[in-house]
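Just below is one structure, and these are the notes that go with it.
Computed from the coordinates by the stated procedures, all read-outs in this text should not be read as laboratory data. From a predicted model like this one, the values you see are computed outputs, not experimental measurements. With ideal geometry, Cβ positions are generated from the backbone for all residues, glycine too; neighbour counts draw on all protein chains shown.
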Amino acid sequence: MGIVILTIAMTAILSMALSSIRGNAASQRMTEARFLAQGRLEELLNVQPVADLADGNDTPGAGSYQRTWTITPGPTASSRWVEVRIDWNDKGAHEVELRSLTRDNN
């Protein structure tokens, strides 16, 4: 009887450990995606003049992520909205999107 209870307890503990590992891996991928988006956003925000900004894409992270950036007109002629999006698949589609407004530094 004691072995049966021990087996059930060990199975439950193993199940919780596996769930924890999966959760940690998903968090790591989300953190990496945010880091990749933030890095590209900061690079784009430093481009001067803003008229030189252009849409683009690449595949950072050994190709496991698709990064796309889109430039749209801002509220003034010397400003632009900069949007960076990271997409990846891991048991379903995921995305991170960051957006900021930049302007010429006159």
**Q.** Answer label, with Cα extents along the principal axes in Å calculated from the coordinates and candidates (i) 79, 22, 17; (ii) 113, 43, 13; (iii) 52, 33, 23
**A.** (i)
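Are there any trypsin sites (Lys or Arg not before Pro) in region 40-106 that are in a DSSP loop and have at most 16 other Cβ atoms within 10 Å? List them by number.
Within region 40-106, the qualifying trypsin sites (Lys or Arg not before Pro) (loop, at most 16 other Cβ atoms within 10 Å) are 91.
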Q) Roughly what angle does helix 2-45 make with the longest principal axis of the chain, taking Cα atoms, 0 to 90 degrees, to the nearest 10? A) 10
Q. Using the 10 angstrom Cβ neighbour count as an exposure proxy, how do 4, 82 rank, fewest first?
A. 4, 82
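With an 8 Å cut-off on Cα pairs and a minimum separation of 6 or more residues, tell me the relative contact order of the chain in percent.
Working: 134 pairs, mean separation 24.2, N = 106.
RCO, the chain: 23 percent.
Calculate, in nm to one decimal, what residue 54 and residue 103 gain on full extension: separation in residues at 0.36 nm each, minus their alpha carbon distance. Let's see the in-between values first.
Details: separation 49, 0.36 × 49 = 17.64 nm, distance 1.41 nm.
The span from residue 54 to residue 103 would gain 16.2 nm if fully extended.
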